[in-house]
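What follows is a short report on a single structure.
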Amino acid sequence: MMSEYLNIALPKGRLGQRVYSLFEQAGYDCDDLKTGDPGRKLIFENNLLNINFFWVKPSDVHVYVERGAADIGAAGKDILDEYNPDVYELLDLKTGICKMAVAAPEKFIEEPDKVLRVATEFPNIAAKYYAGLGRDIDIIKLKGSLEIAPIIGLADVIVDIVETGTTLRENNLIIKDIIMDISARLIVNKSSFNFKFKRINELINKLNFNIEKIKK
Ligand code: PRP
């Protein structure tokens, strides 16, 4: 019997390439991807293995998976914590490793009586973190280039992703606190997990086997 199709949503960009190579090593490759450009072409098929890869914006992967347009996806733990989608998170892919941190200019002095202005792309994560500290904040939601905000006086601090620390250094910002460790996770649509259990379980076992092998 021909097995059913698996639709897999991957984040466009560097993280997606890393995740794709995990799929490739697990035997879920796609010839199409060797010639096509996942920056431009958005759907890649392997009609022998019955899989489709969709390349979507990193912050949209969970939307495709939650609504069942994709059975499976790869999303950063930051995105999952921020949007809290109704999906199963089944595997730590152990790539895309970085941290969510609070950063500020070196000379910034915390004034506990003043409302803290926090620039971020992750308002829920920031709100939860400062609520835990009992700190009043004013969230300034930006879509990128956050590092500018405290330099030019739009915000006091930023809550952002730090990978190598280069962006902070280049902009004379320092880490004040680490909020969480981040890595890419395999997420699965809840009803797909029931209806395509055999295929999804097999995929997870093969990915996991390779992830463990790479770790050693
Ligand atoms: C992230 C983040 C920082 C940068 C940190 O941005 O927002 O700007 O990476 O990386 P580093 O510590 O290695 O310098 P990304 O490149 O994902 O793009 P974005 O600004 O569009 O989110």
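The values are calculated or read from the model by the stated rules, or taken from the named source; none is laboratory data. None of the values given here were measured: they were computed from a predicted structure. Every residue, glycine as well, gets a Cβ built from its backbone with ideal geometry; the counts of neighbours run over all protein chains shown.
Test each condition in (1) surrounded by 18 or more Cβ atoms within 10 Å (Cβ to Cβ); (2) within 15 Å of the ligand (Cβ to nearest atom) for Ile97 and report the one that comes out false. So Ile97 meets the others, but not (1).
Taking the listed residues Phe122, Phe108, the one that is crowded, with 18+ Cβ neighbours inside 10 Å and not acidic (Asp, Glu) is Phe122, with no other qualifying. In segment 81-107, which residues are within 30 Å of Gly153 (Cα to Cα) and in contact with a helix residue (DSSP H, G or I) (Cβ under 7 Å, 6 or more places away or on another chain)? Once the filter is applied, which keeps residues that are within 30 Å of Gly153 (Cα to Cα) and in contact with a helix residue (DSSP H, G or I) (Cβ under 7 Å, 6 or more places away or on another chain), segment 81-107 yields Asp81, Glu82, Tyr83, Met100, Ala103, Ala104, Pro105. At least 1 residues being within 13 Å of the ligand (Cβ to nearest atom) is the threshold, and among the helices (runs of 4 or more DSSP H) wholly inside segment 130-216 those reaching it are 148-151, 166-170.
Every residue, every condition in (1) crowded, with 18+ Cβ neighbours inside 10 Å; (2) within 22 Å of Ile182 (Cβ to Cβ); (3) touching an Asp or Glu at 6+ places or on another chain (Cβ under 8 Å), yes or no:
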| residue | (1), (2), (3) |
| --- | --- |
| Arg14 | no, yes, no |
| Gln17 | no, yes, no |
| Ser21 | no, yes, no |
| Phe54 | yes, no, no |
| Lys57 | no, yes, no |
| His62 | yes, yes, no |
| Asp71 | yes, no, no |
| Ala74 | yes, yes, no |
| Leu90 | no, yes, no |
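Checking each residue in segment 136-150 for being in contact with a strand residue (DSSP E or B) (Cβ under 6 Å, 6 or more places away or on another chain) and not acidic (Asp, Glu) picks out Ile137, Ile139, Ile140, Leu142, Leu146, Ala149, Pro150. In the set Gly165, Gly132, Gly144, only one residue is at pLDDT below 95 and of a type in the set (Gly, Ala, Ser); that residue is Gly144. When each of Leu168, Leu146, Leu116, Leu207 is tested for being surrounded by 17 or more Cβ atoms within 10 Å (Cβ to Cβ) and closer than 25 Å to Tyr20 by Cβ, the lone residue that passes is Leu207.
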